[in-house]
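The values are calculated or read from the model by the stated rules, or taken from the named source; none is laboratory data. If you're wondering where the values come from, they're calculated on a predicted model, not measured in any experiment. Every residue, glycine among them, receives a Cβ derived from its backbone with ideal geometry; neighbour counts consider all protein chains shown.
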Amino acid sequence: MNKMLLVLRQEVLVTVLRPSFLFGLFGLPLLGVLAFTVISRMNQDQSTAGIVTQIMTDTARVESEGYIDQSGLIKSLPEDIASKNVLIAYPDETAALQALDQGKIAAYYVVPADYLQTGQIIYNRPDLNPLSASGQSGTFEWVLKFNLLGGDTELASLTYGPKDLQKVSLAPEPERDQNNMLSFWLPYAVTLIFYMVIMSAASLLLSSVAKEKENRVMEILMVSVTPRQLLTGKIVGLGLVGLLQTVIYVGTGRALLSASTTAFNLDAAFQLPSSFLVWALVFFLLGYAVYASLMAGLGALVPNLREASQATMVVVFPLIIPLFLISVMIDQPNGPLAMILSLIPFTAPVTMMLRLSAASVPWWQPVLSAAILLVTAFFIIRAVAGMFRAQTLLSGQQFSVKLYLRALFGKS
């Protein structure tokens, strides 16, 4: 156990202290945060400038408005409105128009006799200023509510929102606007990120084993540790590194999405739920276990890093398949193709995360997919452990698919 922990520690330290890895780990998320900050600041400044200009324009003049109540609904005005003299009653439209022409009021409301049946109000204003109209209409709306509720200020105030509101949604989850570019780019980005973190972590393991064989370090290691201790230490150590990378990437992405709700009025349908983070960790760990083990087996067979790199495509090809079909699966995340690929263990890690980021997936499908991946990872690790023996590690042979499969199934 102590020797395995030493291997684990060495792999973690060598990897995380590498400048290129540190840039990828922190630099890329920081660039994303920086870009988001700059864009949101520009958006906020433009919005704020417009709002401030409008407020200054509106508050530069004190406006009073009039109203004609043909329904007899308005018996009195709330104290806060009456004291400011911002609403003036007129007997008819002739008087209101005369006051409007004289500049005594900026606009006037007409409450028709059938208001209680139709709910319609007529608003007359000479200038077309929707922002000013919206602000003043809130005042008159308050007057109407006050009188509809018999002059009860406390009861009328409750109509603007209950003081203790508990929401229980019985409706399905909000659907995304398919015309919004994020409907495509969000699952596209998630797919690429998961492909990248799984393959980068698994490739680190291949590179580590192949380099140690090429540099003859493996011969020294075999004197001190067993092949099983070496394999376990490398897989767990680099798995922890990849897990850290996944947490930072997914966490940063989710935080930016949450911030976008306020900064860019992003629809809530584009937010990734907390359960997505849990599944992200599960499918990374299981996907990494499968592909890191296959990469370790590949590294154990080939004599050097160059040949290992050339043979990598044989191992990673299944994980690339979802990238070829990404447009189809984003368009139909719960379609037959996406569902089948999310249940095949070699395509499941990337495909299931694409589906979870694109739509609501029935709960049993990610559970079943994870279970299949877990069983697959167990048997692959067991098979690779059989390949990871001193004779194989120290020899190195010309790579071929036939040789690799025979070794994986214990026939070499």
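Key figures for this structure:
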| item | result |
| --- | --- |
| Single condition M218 does not satisfy, out of (1) modelled with pLDDT of 70 or more; (2) aliphatic (A, V, I, L, M); (3) closer than 30 Å to L294 by Cβ | (1) |
| Residue list for segment 132-151, filter: more than 18 Å from Q120 (Cβ to Cβ) and modelled with pLDDT under 80 | S132, G135 |
| Yes/no for L182 being touching a Phe, Trp or Tyr at 6+ places or on another chain (Cβ under 7 Å), under 25 Å from S342 (Cβ atoms) and at pLDDT 75 or above | yes |
| Which listed residue is more than 21 Å from N147 (Cα to Cα) and assigned by TED's automatic domain parsing to the domain that holds E141, from A82, A89, A113, A106 | A106 |
| When residues of segment 334-366 are limited to those that are more than 18 Å from F284 (Cβ to Cβ), part of a loop (DSSP other than H, G, I, E, B) and among the hydrophobic types (A, V, I, L, M, F, W, C), the one modelled with the lowest pLDDT | A359 |
| Selection status of S327, polar (S, T, N, Q), modelled with pLDDT under 90, crowded, with 19+ Cβ neighbours inside 10 Å and in contact with a Phe, Trp or Tyr (Cβ under 9 Å, 6 or more places away or on another chain) | no |
| Residues being over 28 Å from the mean Cα position of the chain (by Cα) and either at pLDDT 80 or above or buried (at least 16 other Cβ atoms within 10 Å of the Cβ) (or both) - total across segment 223-241 | 9 |
| So G253, is it of a type outside the set (S, T, N, Q), within 17 Å of G287 (Cβ to Cβ), at pLDDT 70 or above and surrounded by 16 or more Cβ atoms within 10 Å (Cβ to Cβ) | no |
| Pick from segment 334-352, criterion closer than 17 Å to I193 by Cβ and out of contact with any Ser or Thr (no Cβ under 7 Å at 6 or more places or on another chain), ranking: surrounded by the most Cβ atoms within 10 Å (Cβ to Cβ) | P349 |
| Boolean, P126 is of a type outside the set (S, T, N, Q), at pLDDT 85 or above and either over 25 Å from S157 (Cα atoms) or touching a Gly at 6+ places or on another chain (Cβ under 9 Å) (or both) | no |
| Unique match (being at pLDDT below 85, outside any helix (DSSP H, G or I) and out of contact with any Pro (no Cβ under 8 Å at 6 or more places or on another chain)) among L298, L266 | L266 |
